[in-house]
Amino acid sequence: MELDEKMKKFAKIACVMAIVAATPVAAQFTGPSVAGAEVTVAQAAAARAGTYVTLVGNIVAHQREDYFTFRDASGEIRVEIDDEVFRNRPVAPETNVRLLGEVDNGRSGPYVWVKSLEILP
């Protein structure tokens, strides 16, 4: 092979690799998820620490720092929601939300450390 042919072959391979590297990849995983089962506040409060849960209801009050009061028909529980999870989205007490989080126990009793927040219609 001549040097010119080698350079053309290398250029073709480099172009193909650049196209493949720039192609977006979408995950299509259909297996089990870490998303916890949808439970009530009463069930979450009785769950053991480390249990992942999904809660549907309303954030009704700000307690302090990243701690809020979450309410559904079965009661209220303290939830910890970082600013990164809120992502500057306005949430009022009448806003219905779905929270995915991990049950933990603190000095004030059980609470849910929220990993994701979805605003429901």
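One table, with the values for the structure above:
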| quantity | calculated |
| --- | --- |
| Filtered residues of the range 63-86 (kept if exposed (fewer than 12 other Cβ atoms within 10 Å of the Cβ) and free of Cβ contacts under 8 Å to residues at least 12 places away in the same chain) | ARG64, GLU65, GLU84 |
| Contacts under 7 angstrom Cβ, first residue in the range 107-118 being among the aliphatic types (A, V, I, L, M), partner in a loop (DSSP other than H, G, I, E, B) and buried (at least 16 other Cβ atoms within 10 Å of the Cβ), 6 or more apart | VAL114/ILE81; LEU117/ILE81 |
| Qualifying residue in the range 50-70 (condition: in a loop (DSSP other than H, G, I, E, B) and either modelled with pLDDT under 80 or more than 24 Å from PRO93 (Cα to Cα) (or both)) | yes |
| Residue in the range 24-39 that is at pLDDT 95 or above, of a type in the set (A, V, I, L, M), outside any strand (DSSP E or B) and surrounded by 10 or more Cβ atoms within 10 Å (Cβ to Cβ) present | yes |
| Some residue of the range 77-96 being at positive phi and assigned to a strand (DSSP E or B) | no |
| Some residue of the range 109-119 being assigned to a strand (DSSP E or B), among the polar types (S, T, N, Q), surrounded by fewer than 17 Cβ atoms within 10 Å (Cβ to Cβ) and touching a helix residue (DSSP H, G or I) at 6+ places or on another chain (Cβ under 9 Å) | yes |
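The values are calculated or read from the model by the stated rules, or taken from the named source; none is laboratory data. Small disclaimer: the values here were computed from a predicted structure and weren't measured. Please note: Cβ atoms are built from the backbone with ideal geometry, for glycine as well, and neighbour counts cover all protein chains shown.
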